[in-house]
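A short write-up of the structure that comes next.
What follows is calculated from the coordinates using simple rules that are stated; it is not laboratory data. Because the structure is predicted, anything quoted here is derived from the model rather than measured. Every residue, glycine as well, gets a Cβ built from its backbone with ideal geometry; the counts of neighbours run over all protein chains shown.
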Amino acid sequence: MKKKKFLPYSRQVIDEEDIESVTRVLRSAWLTTGPMVKEFEEKFAEEVNADYAIACSSGTGALHLLYVAHGIGPGDSVILPSMTFLATANAVRYAGAEVIFSDVDPDTGLMNATHLRDAWTRACNKNIKAVCVVHLNGQCVDMKDMRREVGDVTLFEDACHSLGALIRDNSGNKVKVGGCYLSNATIFSTHPVKAITTGEGGMITTNDEGLARKLRQLRSHGVRRRQDFTEVDLADSNTKSFMDPWYYEMRDLGFNYRLSDIHSALGISQLKKLKYFVKQRNSLRDRYEQHLCCLGEHVRPLALVSSCIPAWHLSVALIDFKEIGISRSEVINQLSIKGIGTQVHYIPVHQQPYYKNRYGTLMLPGVSTYYSRCLSLPLWPGMDLNDVDRVIGALAEVLGINFDSDTSFAP
Ligand SMILES: Cc1ncc(COP(=O)(O)O)c(C=O)c1O
């Protein structure tokens, strides 16, 4: 019997247009700090309806830049959910501030207003400088609730999972994630498993011109060149150096978090396919949802939230492994033997030894319940509906559940 190809839980989809876009840059004069970066930023900003987009070398770098640009540092704290990738929290620590972990809904993995309030109460005397929500799996946190809860405090969106999703604004209109209608800034990642890829890369979007300027400077060593100086800077100056053509200065300590033109060229080309990628991911996920609802009381898809129209990044099955009588490791190993890749997103960040040593043991029951049941099944735009049927058939077999893909659809 012919062995079926291994189906990874996720991967990029690259076509000839992407390859041409990159090779064109390799033949050009600019490999970095050139025109492709600007074009990628402009197209990305246009795509999400934001005034400004700032490209970075990773989503992690984007988070770090945001915290630093807001002056968040030692003595400050940032609230964020524990059900996220390490980077959301680690970037707070890079800035020297402390992390306050919030709980999440056990059926969606998303933070809500109650979780945020609880975290705030727990933080009592800590100086909360910002809240960073995470739009997990392609669904979004209710931003109206979040803005109401945080008042004037800075609100960031980690939308690494949710490029292409729509959320509801204060008037109930559907608006694009990244448009920052209710937040100060949003960050994205363009790692290969994300909605679009640049290999490695990240993006920050905002509608705040001053913040955008600061982020661009911090991204490149904190350097300001002649064109960056404002009227106030010029008036302040007691030197004629501003007039020298080579003049630059560093007032703040910055980084090298630049994205190259090579990466940006891939991003421009990938962005053209975003709508197709999202549509494809969503239709695969719909098929998963129909099937997962037919695998008995101990298996189900994520609960849906009404505050957004998702752009599914992961297809997560919530499985009560204990009730079924099989460990998650066994399921992952058996699926792998059948040629199916899966993943667990994520080990709760507050349970990592680094954070346990720093903050002690923390009880977050929603995070623990979510983590105990989640399993990410293959989802990427190169798959077709037959692949989904194959995954669910294999999962059902491993779990010892009867499943017939032909009868799994609702009439
Ligand atoms: C929710 C979340 N935040 C932040 C990041 C960091 O992005 P990057 O890998 O581009 O640094 C990721 C990437 O996996 C992520 O999933």
Could you give the length gained by full extension between L86 and D320, i.e. 0.36 nm per residue of separation minus their alpha carbon distance, to one decimal place? 81.7 nm
For the chain, what does the relative contact order come out to in percent, with C-alpha contacts under 8 Å and a separation of six or more? 22
What is region 7-105's relative contact order, in percent, from Cα pairs under 8 angstrom and six or more apart in sequence? 20
Tally Lys/Arg at +1 and Asp/Glu at -1 over every other residue whose Cβ is under 13 Å from the Cβ of A97; what's the total? +2
Pairs K174/K273; K144/K273; K194/K338; K129/K176; K194/K279: which are spaced more than 23 Å apart, C-alpha to C-alpha? K144/K273; K194/K338; K129/K176
What order do you get for 125-133, 143-151 when each peptide is scored by the mean count of other beta carbon atoms within 10 Å, highest first? 125-133, 143-151
One finds, for Y94 and D404 with R0 = 60 angstrom and r their Cβ-Cβ distance, a FRET efficiency to the nearest 0.05 of 0.75
Roughly how far apart, in whole Å, are the Cα centres of region 333-376 and region 123-196? 22
Would you mind telling me the antiparallel percentage of the DSSP bridges in the chain, rounded to 5? 60
Listed peptides 30-41, 97-108 by packing density, highest first (mean Cβ within 10 Å): 97-108, 30-41
Run down the aspartates and glutamates and flag those whose C-alpha is under 18 Å from the C-alpha of K5, throwing out any fewer than 8 positions away in its chain. D384, D387, D389
If I stretch the segment between S336 and V153 completely, what's the gain in nm (0.36 nm per residue apart, minus their alpha carbon distance), one decimal? 61.3 nm
Contour minus Cα-Cα span, N125 to N256, at 0.36 nm per residue, comes to 43.7 nm
Would you kindly enumerate the cysteines in the chain that have no other Cys beta-carbon under 4.7 Å from their beta-carbon? C56, C124, C132, C160, C180, C293, C294, C374
Could you give the dipole magnitude of region 16-271 about its Cα centre, charging the beta-carbon of Lys and Arg +1 and that of Asp and Glu -1, in debye to the nearest 20? 420
HN-Hα couplings for region 60-70 via Karplus (6.51, -1.76, 1.60; θ = phi - 60°), in whole Hz with x for Gly/Pro, come out as 5, x, 4, 5, 4, 4, 4, 4, 5, 4, 8
Sorting check: for 265-275, 332-342, which peptide has the highest mean count of neighbouring beta carbons within 10 Å, and how do the rest follow? 265-275, 332-342
Summing -39500 (n - 2.57) over the DSSP H runs of n ≥ 4 in the chain and dividing by its residue number, what mean residue ellipticity at 222 nm do you reach, to the nearest 500 deg cm²/dmol? -11000 deg cm²/dmol
For region 209-236 and region 82-113, distance of Cα centres in Å: 31
Once phi is turned into θ = phi - 60°, what whole-Hz ³J(HN,Hα) does the Karplus curve with 6.51, -1.76 and 1.60 give for every residue of region 392-402, x standing for Gly and Pro? 5, x, 5, 4, 4, 4, 5, 7, x, 10, 5
I'd like the Karplus ³J(HN,Hα) series for region 159-173: coefficients 6.51, -1.76, 1.60, θ = phi - 60°, whole numbers in Hz, and an x wherever there's a Gly or Pro. 10, 4, 9, 10, 4, x, 7, 10, 10, 9, 8, 4, 8, x, 6
What distance in nm separates the simple spin-label points at R117 and W246, each placed 7 Å from Cα in the Cβ direction? 6.1
Shape of region 16-271 from its Cα gyration tensor (a ≥ b ≥ c, root eigenvalues): rounded if a/c is under 1.5, otherwise prolate when a/b > b/c, or oblate? oblate
